[in-house]
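Worksheet for the structure shown next.
The values are calculated or read from the model by the stated rules, or taken from the named source; none is laboratory data. In this text, all values refer to a predicted model and were calculated from it rather than measured experimentally. Virtual Cβ from ideal backbone geometry, glycine too; neighbours counted across all protein chains shown.
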């Protein structure tokens, strides 16, 4: 009787372990498919937006304050330059046409505030980690950005989205994320599950590393 009971217990223990493994395997597969769909949806987002990236000279209080003054100066002008822009391509063209003017205005703003730091303004493909802006989370990836570098650009940076004009409240008519993203992409930017974005970020870091050949 004892032998039979022990055998039954061993049988049920084995069945339980098999069930546990099946559940764990199911969770892993579910997570993998979920992350795969997140990566697939996120890959198209960088190609649909244009970011503004302002890098401070350093992390000193004065340099950080100058960064915000330059930012405000650029946003005031950009409100006019990007008015009526309907596509990312048009936004890029508008930014490129005003690169020299943006540099001039940023330099004048620095001089007005007693800084002799140089300013570099360019349109670049820049890798960004996962970042939240307002109520929207943008997954990690290489984005086209209007980049404004003050001095050495070694300080904490500030960024926003020029297109669609999330940081240009007065630009009219303006596109919204709903206008430029697909439904899966829009769902992803509002997704509360940060673990998915971390998976996307790790994937993008690996892809960026392989592309750079480092």
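General remarks:
- Counted residues, segment 42-67 - those being exposed (fewer than 14 other Cβ atoms within 10 Å of the Cβ) and modelled with pLDDT under 95: 1
- Of all residues in segment 68-90 being surrounded by 18 or more Cβ atoms within 10 Å (Cβ to Cβ) and outside any helix (DSSP H, G or I), the one that is modelled with the highest pLDDT: 85
- Hey, residue 166 assigned to a strand (DSSP E or B), modelled with pLDDT of 75 or more and within 24 Å of residue 93 (Cβ to Cβ) or not: no
- Here residue 135 fulfils each of the conditions (1) modelled with pLDDT under 85; (2) surrounded by 14 or more Cβ atoms within 10 Å (Cβ to Cβ) apart from (2).
- Candidate set from segment 91-107 (those that are in contact (Cβ under 8 Å) with a residue 24 or more places away in the chain and out of contact with any strand residue (DSSP E or B) (no Cβ under 8 Å at 6 or more places or on another chain)); member that is surrounded by the fewest Cβ atoms within 10 Å (Cβ to Cβ): 101
- Residue match in segment 109-126 (condition: touching a residue at least 12 places away in the same chain (Cβ under 8 Å) and in a helix (DSSP H, G or I)): yes
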